[in-house]
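Shown next, in structure tokens, is the structure this report addresses.
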Amino acid sequence: GLLDDSSFGLPPSAEEFAGRLRAGIAGLPFDQALDRARRIVGERRFGLGVQLVSGHRDPIEIAEGYSDVAEGTLVVLAEATVADFAATHGEIVGAELSILALGRLGGRALTHASDLDLIFVYEAPADGRSDGSRSLGPADYHNRLARRIVAALSVPTAAGPLYEVDTRLRPEGDKGMLAVSLDKFVAYQRGEAWTWEHMALCRARPVFGSAGARARLEQSVRAILAEPHDPAKVRADAAAMRIDMARHKPPVGPLDVKLGEGGLVDLEFAVHTLQLSSACGLDPRLEVAVAALSDEGRLDGAEVDADLRLLSRMLVCFRLL
């Protein structure tokens with residue numbers, strides 16, 4: 001791949017990479033498509049790593065490149081899984097599956113070693129059933145499909161592993177269903193979710209589904225985040241959670257720019273606390289949120305943006321090197 005001039009070009013957008021990957025696996029049986037996808041993605045990620053090591057491009061651009069490659073990969077492998085699943089189980093008329101990215105994928109700030117934080121959300125008629133030879137109801141259908149998509153993204157093949165997928169941010173965490181209906185997702189977030197779950201939702205971004213389904217999901221997330229939050233409770237909950245996190249997941253050394261005191265986690269907690277308590281700057285990208293909060297006079301945007309960029313550059317480099 002490094003013999004090709006494009007390996008030092010700008011990282012492709014998620015849509016552009018999805019197109020390349022779609023063409024690369026077209027016509028292959030499902031298992032061979034997964035293997036080929038891992039080779040194509042691995043080559044692209046390796047090229048981004050070379051650009052990072054050689055100082056060819058800003059680490060923040062590389063992080064966006066890693067994110068776009070992951071998003072394009074998710075879209076194409078989810079499409080392939082949906083088609084393969086429908087060959088056995090058919091489709092449910094009027095049903096749609098969406099995937100919500102959170103964390104670094106949601107904020108387009110992925111590193112070489114980042115997990116993909118995902119929540120699966122579906123819409124379907126309550127009494128619907130799939131029309132295949134092995135018919136399923138909406139909940140079973142979408143939970144099995146979600147498990148297949150997670151496997152398509154994470155199971156190692158002869159070409160090696162691809163991504164670690166973390167689905168613990170879904171409603172009720174590991175105890176909850178892997179895929180949840182949009183109505184139940186909204187009801188849980190409004191009635192049962194903890195403050196830390198809303199903080200995580202600040203970086204949520206729909207990455208898979210029809211344009212209409214993604215728009216409805218994004219609108220629901222923004223409406224949940226814009227609802228009034230008690231500033232004192234948000235601050236107290238965030239502080240308690242940060243103390244608990246420091247106890248169970250301490251920094252690994254003085255150069256741990258993520259977990260160390262004054263590091264990226266502290267910065268993210270501060271930004272999310274301000275976002276929730278003010279309903280301002282509700283954008284999944286931290287740099288955009290910081291700029292909006294600065295415009296409202298809620299933080300020193302120039303200083304925080306510089307800190308965010310320095311710490312992010314260090315993290316992206318450290319995770320690879």
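The values are calculated or read from the model by the stated rules, or taken from the named source; none is laboratory data. Keep in mind that what you see is a predicted model, and the values were worked out from it rather than measured. Heads up, the Cβs are rebuilt from the backbone with ideal geometry, glycines too, and the neighbour counts pull from every protein chain shown. Heads up: the accessible areas ignore ligands, DNA and RNA and are worked out on the full protein's heavy atoms, side chains in. Shrake-Rupley method; radii C 1.70, N 1.55, O 1.52, S 1.80 Å.
Label reach from residue 211 (point 7 Å along Cα→C-beta): in the range 79-98, amide nitrogens under 18 Å belong to 96-98.
Between residue 255 and residue 135, take the C-beta separation as r, use R0 = 51 Å, and let me know the FRET efficiency to the nearest 0.05.
Approximately 0.40, to the nearest 0.05.
Between residue 279 and residue 190, the contour length at 0.36 nm per residue exceeds the Cα-Cα span by 30.5 nm.
Between the range 211-238 and the range 160-182, how far is it from one alpha carbon centroid to the other, in angstrom? Each part's Cα centre sits 19 Å from the other's. Derived from the Cα gyration tensor, the three semi-axes of the equivalent ellipsoid of the range 113-261 are 31, 23, 13 Å, largest first. Net length available on complete extension from residue 46 to residue 300 is 87.8 nm, with 0.36 nm assigned per residue and the Cα-Cα distance removed. Charged neighbours of residue 33, selected by a Cβ distance under 12 Å, balance to 0 (K, R count +1; D, E count -1). In order along the range 239-245, phi translates into HN-Hα couplings of 5, 4, 5, 5, 5, 5, 5 Hz, rounded to whole numbers, per the Karplus curve 6.51 cos²θ - 1.76 cosθ + 1.60 with θ = phi - 60° and x for Gly and Pro.
Among 182-190, 273-281, sorting by the average number of other beta carbon atoms lying within 10 angstrom of each residue, highest first, gives 273-281, 182-190. Considering only protein heavy atoms and a probe of 1.4 Å, how much of the accessible area of the range 103-161 is carbon and sulfur, as a whole percent? Within the range 103-161, the accessible surface is 50 percent carbon and sulfur. Leaving out ligands and nucleic acids, note down the accessible area per residue over the chain with a 1.4 angstrom probe, in whole Å². With all protein chains present, the chain gives 47 Å² per residue. Shown for the range 1-70: the carbon plus sulfur share of the solvent-accessible area, taken with all protein chains present and a 1.4 angstrom probe, equals 54%. Only helices enter the 222 nm calculation for the chain: every DSSP H run of n ≥ 4 contributes -39,500 (n - 2.57), and dividing by all residues gives -19000 deg cm²/dmol, rounded to 500.
When a 1.4 Å probe is rolled over the protein heavy atoms, the share of accessible surface on the range 252-321 that falls to carbon and sulfur comes to 53 percent. Binning the C-alpha pair distances of the range 232-321 at 5 Å intervals from 0 yields a P(r) profile of 3, 14, 22, 22, 21, 13, 5, 1, 0 %, listed from the shortest bin outward.
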